[in-house]
Each structure stands twice: as C-alpha cells, then as structure tokens.
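Laboratory data are not the source of any read-out in this text; all were calculated from the coordinates shown. Only a predicted model underlies this, so the values are computations on that prediction, with no experimental measurement involved. For neighbour counting, all protein chains shown are included, and Cβ atoms are generated from backbone atoms with ideal geometry for every residue, glycine included.
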Amino acid sequence: MNGAIRAAGGVLWRSISTDRGGEPLVEVALIHRPRYDDWSLPKGKLAPGESEIEGAVREVWEETGFRVRMGRPIGEIRYMKRNSWGEERPKVVRYWAMHADGGQFLPNNEVDELRWLPLNEARELLTHPRDREILEKFVRGPALLRTVLLVRHATAGNRAEWTGDDHLRPLDERGRRQAEGLVRVLARFEVREIVSADFVRCVESVEPLADAIGLTIKQEPLLSELGYPGHEDAAVELIRGLGATDSSAVACTQGDVIPDLLKRLARTDHVDLPESLAYKKASTWVLSFDGERLFAAHHIPPPRIEDSAAHPSRSA
C-alpha cells in the first residue's frame, strides 16, 4: 500500500459582540464544496516538502480568503481515501485552531460558499462525523490561549571536536539552514517575544526569526544545560510567564533541558505526554497555556531542508 496522504487544515474562528453584552459569541467558518456537495472544515493536501503548519495556513487562506493567527493543535483524523481508479490510501489530516485576522471570502471552483456560524449551528451543518469530532475538540478548550514555542537549537557540529569554550560553538552549515527553515514554521504564530539560552548555537537558531519579525533576543541562562540544573522551578516559572493571551513567545533551549522541563509542566498540570518524547535538533514543542496552566503540548519535527549533497560547492 502507498504511504498515507498528508493533509492539514483548521478550525477558523472569530468572536463577535452580542446585543445583550456579556461574553462575545464564538463563530466558526464552514465551507461548501460543490464537487462533494458537503459542508466541511477547510483543509487540503500538503505540497511536497511542506510542513503541517505551512500547509494548514495555506489551505485555509486558499479556501476561505482569511489570514490567521495560529492557535493550539486540535488533533488529527484518519480515514481511507479512494481515487478515481478505485485504489484506497489512508489519509491523515491534522487540524489547528486559527483565529481569523482579516480577509474576505471569494467563491472559487473548489469552494462556492462560506458561512460563519455559532458552534451549535456549525455542529448541525457539518456533513461528516469526523469534522464534528474535530469541532468538539475545539469546543472543549479555551478559544484564546497563550503559546510558548519551545525550540531545541539546530545542529552545531560535534561537541567532542570543538576545542574552544562550548558557549561559543556556532551552528554548522546544516544548522544555519535549519534556522532559516524554522522561520517558515514559527512565523506562522503571532510571536512577540524571543528568549534563548546564553549559548551561541541557541541564539543563532532563532536569529533569522528575530530578524524577520523585528524582535530582539533576550538571553536567559536558566534555559541552558548549565543554568537549568538546580534551578528547575525557576525555569518552569519562566516558561509559564512568557508571552500573552492570543500571542506566542519562542524559547530556544538545549536537549538536556527539554525532557525534564516538559515532564515537570505536564505532571503539575495533568497533561498527557507521549511515553517517548521527541526533541530532535531544530524541532519545536508547541505549549498551549490557559493562564499559567499548561493545557496541551504538541511536537513539530525539524523543518525539512535541502540535502547538502544537492550543493556540492558548500563545505560540510
């Protein structure tokens, strides 16, 4: 059997004031696809080499015409997809909460109508049970959350081969390309703050992002493999206090810090983590906070970059 079809999409939402005052009403956008004559959440297949986040943002933009601010990951659905030859392949679609940040819907060949609906009405209109399942997961969590993007630094050569101060060990060529790739992923969030362990390779991992969005990197020893031991509680409180509601902060740290830091947060706030934590270099953990309480944690693999073999003129 061929590999799974990878796709991504979003629960696109907005809040509107009510005539009676009180809490704003949350509405979500549903689209009608004339090809299938169904009402669904916006989604679509990933392009070759495209990350889930990039694909989700692009598909929502193409199908709805709205810019978005990324929110928490909601989950994934799996089902079998039959092609025109009668062959079946598994399809995996990952969804994110997306706060509408301006735009306008224009009918096109794939989507001829968009409706903004309150949650109950949206639930009734959705054609597929799998879409209702995703909507239910969105409903069970707060609409507005604070996001901390916990990044492990990119590749920086071999520690054993570095003869100088390890604080000063820089990214290697692959690491620099990974750092550039991180911009495509992290910039999809509303990042307003960047902190980094006070190691050159950590700072360099988020410098392209800082340059792209015009922010200054604050160096924080608590996030380093030397500053973290013995100060674990202070580091946890640092992470809990980063960012603001409906915006994101980036914190770049090291592999010796991430597993313990995640487990401390999750254990205190009763959040389930995978038994085997992934934290490859240049990967990211999306930490969603409701106030100072961790609500959810989701792992993003390192950005895909071109193989250095494709660039023989570059040094290793």
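Count Lys and Arg as plus one, Asp and Glu as minus one, and take only other residues whose Cβ is under 11 Å from that of Tyr95; the net charge is then 0. Computed extension gain for Lys45 through Asp211, at 0.36 nm per residue and net of the alpha carbon distance, reaches 56.7 nm. Binning the alpha carbon pair distances of segment 111-216 at 10 angstrom intervals from zero yields the distribution 12, 30, 19, 19, 14, 5, 1, expressed in whole percent. Seen against the Cα atoms of the chain and their longest principal axis, helix 200-213 is set at about 40 degrees.
As a test, work out the antiparallel percent of DSSP beta bridges whose residues both lie in segment 5-139, rounded to the nearest 5.
Just about 75 percent of them are antiparallel.
Of the trypsin sites (Lys or Arg not before Pro) in segment 30-84, the ones in a loop by DSSP (not H, G, I, E or B) with at most 12 other beta carbons within 10 Å are Arg35. Close amide-amide hydrogen proximity is noted between Ile74 and Tyr95, Trp96, Ala97, each under 5 Å apart and 5 or more residues distant or on a separate chain (H modeled in the peptide plane; Pro and chain starts excluded).
What share of the DSSP beta bridges in the chain is antiparallel, in percent to the nearest 5? Can you show the working numbers first?
Values: 42 of 65 bridges.
Here the share of antiparallel DSSP bridges comes out near 65 percent.
For Arg69 and Ser84, calculate 0.36 nm times their separation in residues minus their Cα-Cα distance, and state this gained length in nm to one decimal. Don't skip to the answer; put the middle values down first.
Numbers: separation 15, 0.36 × 15 = 5.40 nm, distance 3.58 nm.
Value of the extension gain: 1.8 nm.
For segment 146-300, the spread of Cα coordinates along the three principal axes comes to 42, 33, 25 Å, biggest extent given first.
Just checking the listed ones, Thr245, Thr64, Thr284: in the Gaussian network model of the chain with Cα springs under 10 Å, the one fluctuating most is Thr245. Cβ-to-Cβ counts within 10 Å put Leu287, Leu215, Leu150 in ascending order as Leu215, Leu150, Leu287, the fewest first. Magnitude of the charge dipole for segment 5-139, about its Cα centre and with charges confined to Cβ atoms of Lys, Arg (+1) and Asp, Glu (-1), is about 420 debye. By the count of neighbouring beta-carbon atoms within 10 Å, fewest first, Met70, Met98 end up ordered Met70, Met98.
In the chain, helical runs assigned H by DSSP with n ≥ 4 each contribute -39500 (n - 2.57); averaged across all residues and rounded to the nearest 500, the mean residue ellipticity at 222 nm is -8000 deg cm²/dmol.
Counting only DSSP beta bridges with both residues in segment 146-300, the antiparallel share comes to about 50 percent.
Sorting Trp13, Trp85, Trp116 by the number of Cβ atoms found within 10 Å of their own Cβ, with the fewest placed first, yields Trp85, Trp116, Trp13.
Given C-alpha coordinates of segment 179-226, what is the ratio Rg to Rh with the Kirkwood estimate of Rh? Spell out each step's value before the answer.
Values: Rg = 10.5 Å, Rh = 10.9 Å.
Ratio value, two decimals: 0.96.
If Rh is defined by the Kirkwood formula over all Cα pairs and Rg also comes from Cα, what ratio Rg/Rh do you get for segment 5-139?
Working: Rg = 14.8 Å, Rh = 15.3 Å.
For segment 5-139, the value is 0.97.
Of Lys45/Lys263; Lys91/Lys281; Lys45/Lys280; Lys43/Lys81; Lys43/Lys280; Lys43/Lys281, which ones are farther than 22 Å apart at the Cα? Display every interim value, and only then the final one.
Values: Lys45/Lys263 33 Å; Lys91/Lys281 28 Å; Lys45/Lys280 25 Å; Lys43/Lys81 14 Å; Lys43/Lys280 28 Å; Lys43/Lys281 29 Å.
Violating the 22 Å Cα-Cα cut-off are Lys45/Lys263; Lys91/Lys281; Lys45/Lys280; Lys43/Lys280; Lys43/Lys281.
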